[in-house]
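Quick note: the coordinates plus some simple rules give every number you see, no bench work behind them. Note that the structure is a prediction, hence the values are computed from the model and not measured. Note that each Cβ is placed from the backbone with ideal geometry, even for glycine, and that neighbours are counted across all protein chains shown.
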Amino acid sequence: MKKVISIVLSVAIIITACVSMTGCGTNDTVENLEGTYTQEYAGTTLNVFNWGQYISDGAEGSLDVNAAFEKLTGIKVNYSTYESNEAMYGKMKSGAVAYDIIIPSDYMIQRMANEGMLREIDTSKLSNYHYIADKYKGLYFDPDNKYSVAYSVGMVGLIYNTTLVDEKPTSWKIMWDEKYTGNVLTFNNPRDAFAISQFALGIDLNTTNTADWDRAADYLKQQNKVLQGRVMDEVFNKMESANAAIAPYYAGDYLTMAEENEDLAFVYPEEGTNIFVDSICIPSNCQNYEAALMYINFLLEVEVALANAEYICYATPNTGVLASKDYSLKDSEVLYPAVEPKTQYFHDLPADVRSYFENLWNQVILAD
């Protein structure tokens, strides 16, 4: 899922958020609360593990969500970050740490639930749960809404520099075009990188056929000769400074890059793309369950969810935000395209298949 955002949002977006909230400056107060928040757990600590820069943190006058929660409840938020679902999973699986809140992507939620790593969420205690749109409830990774509450939604698209690319791309296959040798970036993680190859070849993203993974790996090896590099958060500097022409990345992050470089454009390729839902979960080894529920309910507050949506620039599952006149991104064709592209979710794959494609990924890298 996803989504390593290593720089602050563009000035234009942040100014919008500042004006719509309280004016620029320190902002750790939510004015319009719908839920009930008590000091019952004041003095306790809530351990939160989330993607980097994936919550409004007070930068440039935006709402400091964690500080606001601490001020409201007296609960200390011990906040730390990870750069991938797999890194988060590995740390959780080791048993060396205990967190009260995590925000994984769909397929990782499915895996962790299947392995008994998640605790059921009592949604009857979430007075703001009604703000989650029905389309983001009962999804394949949590059909009974036991373990997750949707936080953000995104899709992967193709970012390109209009001064370096001859015409608007329509296919993922442009990432193999020798004309752009040395100017192509791709993901530095196997699931996203394989997905592009799979879409280009018409292969199901969730295939369990090893021959399909072999085909996708062979195609990735062919791509090596045109690549400038494999990146995650490095994509921002490279695309903003025109040091690369083409890169796949998450739609919301394109909006950040485009504010820094007006020559950048974005497209969802015709073969289709990955859609993902990142959701709030409570690990099975949670130490502060009731405080975790209070925190989830706080994240669902319209004012809080609006601040997060403006800050991270991903699509929101919160209907209150979508209905808000202060939501500056509601008409974004990138986040909410009028004609939705063909999409597919990543599913958790059997352990033997995961191991197989991870080994293939190592071979792809070594074939550089």
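Among VAL302, VAL235, sorting on how many other beta-carbon atoms sit within 10 Å of each Cβ, with the fewest leading, yields VAL302, VAL235. Between ASN114 and ASP368, the modelled labels are 3.1 nm apart [label points 7 Å from Cα along Cα→Cβ].
Ranking ALA98, VAL184, TRP172 by how far each Cα lies toward the positive end of the dipole of the chain (charges on Cβ) leaves ALA98 at the top. Comparing PRO317, PRO283, PRO350, which has the greatest mean-square fluctuation in the GNM of the chain with Cα pairs linked when under 10 Å apart? The residue that fluctuates most here is PRO350.
Using the beta-carbon distance between ALA323 and THR207 and R0 = 30 Å, what value does 1/(1 + (r/R0)^6) give for FRET efficiency, to the nearest 0.05?
0.15
With respect to the chain, whose longest principal axis is taken over its alpha-carbon atoms, helix 351-366 is tilted by about 60°. For the chain, averaging the sequence separation of C-alpha pairs within contact (under 8 Å, six or more residues apart) and dividing by the residue count gives a relative contact order of 27 percent. Beta bridges assigned by DSSP with both partners in the chain are antiparallel in approximately 60 percent of cases. With contributions of -39500 (n - 2.57) from each DSSP H run of at least four residues, the per-residue ellipticity at 222 nm computed over the chain stands at -10000 deg cm²/dmol. Do any of LYS173/LYS238; LYS71/LYS330; LYS76/LYS125 go past 28 Å between their Cα atoms, and which? Beyond 28 Å between Cα atoms: LYS71/LYS330. With the charge dipole of the range 209-275 set up from +1 on Lys and Arg Cβ and -1 on Asp and Glu Cβ about the Cα centre, the Cα lying farthest toward the positive end among the listed residues PHE266, SER241, VAL226 is that of VAL226.
Amide H to amide H distances under 5 Å link ASN47 with ASN78, ASP100, ILE101, where only residues 5 or more positions off or on other chains count and H is placed in the peptide plane. Once you reduce the range 211-289 and the range 43-79 to the center of their Cα atoms, the two points are 27 Å from each other.
Once you have the Cα-Cα distance between ASP263 and LYS146, take 0.36 nm times their residue separation minus that, and quote the gain in nm to one decimal.
Working it through step by step, the gained length comes to 37.7 nm.
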